[in-house]
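This report concerns only the one structure given below.
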Amino acid sequence: DGGITQSPKYLFRKEGQNVTLSCEQNLNHDAMYWYRQDPGQGLRLIYYSQIVNDFQKGDIAEGYSVSREKKESFPLTVTSAQKNPTAFYLCASSTRQTPYSNQPQHFGDGTRLSIL
Amino acid sequence: QKEVEQNSGPLSVPEGAIASLNCTYSDRGSQSFFWYRQYSGKSPELIMSIYSNGDKEDGRFTAQLNKASQYVSLLIRDSQPSDSATYLCAVPNQAGTALIFGKGTTLSVSS
């Protein structure tokens, strides 16, 4: 079955530690996205990528980094510079977006990150 | 910066009633609109896409788009307890490269 796989489901970070969240898709989608959701809040865009080897900062990129070396994979690293990392992290993918053709995004099951 | 506004709720309706969820957006140029459903502790799930003025129906769900007034609505007919969730409205960002989400409206359907 095609879909988006995020791992791990739960992750704990120690102070000063970098952690990496995995996102893999087999939908053959060009575009991939990372969002952060805090309790009672909407989704805020961290980074997105429309093609391999290219990615753009979203609204809250500080303290995060990404890579897009393969079409299927878009890992997110939460660095020690992100002082409030506790949140629900959601990865999504879609066909490539243009200003004239906007397609819906499909989400993985998410990763819950907490500070130890 | 585009904005998407939703009433956070909770919106409470009895089983079998029509639930009406509303979303307003700031950019008159927006062409695409999406409704997602998110159960507590789960990820969002796409339930409706709408691209042109008027109504789009899919089963018990109807999306209504009014570009002149810059709002998009989601109607849920014959509401069921299983419809209890948070409903997120989303529109493309300025560059058309990602989606901007509203904070969502929480719907509670009582049996």
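Annotations for the structure displayed:
- Flag if B:S12 is at pLDDT 95 or above and under 13 Å from the mean Cα position of the chain (by Cα): no
- Hits in region A:24-35 (condition: closer than 16 Å to A:Q56 by Cβ and either assigned to a strand (DSSP E or B) or of a type in the set (V, I, T) (or both)): A:A31, A:M32, A:Y33, A:W34, A:Y35
- Scanning region B:22-50 for residues that are open to solvent by less than 70 Å² (accessible area, probe 1.4 Å), touching a residue at least 12 places away in the same chain (Cβ under 8 Å) and not hydroxyl-bearing (S, T, Y) returns B:C23, B:D27, B:F33, B:F34, B:W35, B:R37, B:Q38, B:P44, B:L46, B:I47, B:M48, B:I50.
- Matching residues, region A:68-102, being in a loop (DSSP other than H, G, I, E, B) and either open to solvent by less than 40 Å² (accessible area, probe 1.4 Å) or within 14 Å of chain B (Cβ to nearest Cβ) (or both): A:R68, A:F74, A:P75, A:T79, A:Q82, A:P85, A:T95, A:R96, A:Q97, A:P99, A:Y100, A:N102
- Among the residues listed as B:N53, B:N66, B:N7, the single one being at negative phi, under 12 Å from the mean Cα position of the chain (by Cα) and surrounded by fewer than 19 Cβ atoms within 10 Å (Cβ to Cβ): B:N7
- Residues within region B:1-25 that are within 25 Å of B:A68 (Cβ to Cβ) and in a loop (DSSP other than H, G, I, E, B), tallied: 5
- Among the candidates A:F74, A:F55, A:F88, the residue that is aromatic (F, W, Y) and closer than 21 Å to B:C89 by Cβ is uniquely A:F88.
- Enumeration of residues in region A:50-67 that are more than 14 Å from chain B (Cβ to nearest Cβ) and either farther than 19 Å from A:Q6 by Cα or modelled with pLDDT under 95 (or both): A:N53, A:E62, A:G63
- Unique residue being without any contact (Cβ under 8 Å) to a residue 12 or more places away in the chain, touching a Phe, Trp or Tyr at 6+ places or on another chain (Cβ under 7 Å) and surrounded by 15 or more Cβ atoms within 10 Å (Cβ to Cβ) when the list is A:G58, A:G42: A:G42
- Flag if A:A31 is within 24 Å of B:A95 (Cβ to Cβ) and within 9 Å of another protein chain (Cβ to nearest Cβ): yes
- Residue match in region B:96-104 (condition: surrounded by 21 or more Cβ atoms within 10 Å (Cβ to Cβ), away from chain A (no Cβ under 12 Å) and within 30 Å of A:S7 (Cα to Cα)): no
- Residues being not hydrophobic (A, V, I, L, M, F, W, C) and not in a strand (DSSP E or B) - total across region B:36-92: 22
The values are calculated or read from the model by the stated rules, or taken from the named source; none is laboratory data. Keep in mind the model is a prediction, meaning the values are calculated, not measured. Note that we place each Cβ from the backbone using ideal geometry, even for glycine, and neighbour counts take in every protein chain shown. Accessible surface areas use protein heavy atoms only, side chains included; no ligands, DNA or RNA. Shrake-Rupley method; radii C 1.70, N 1.55, O 1.52, S 1.80 Å.
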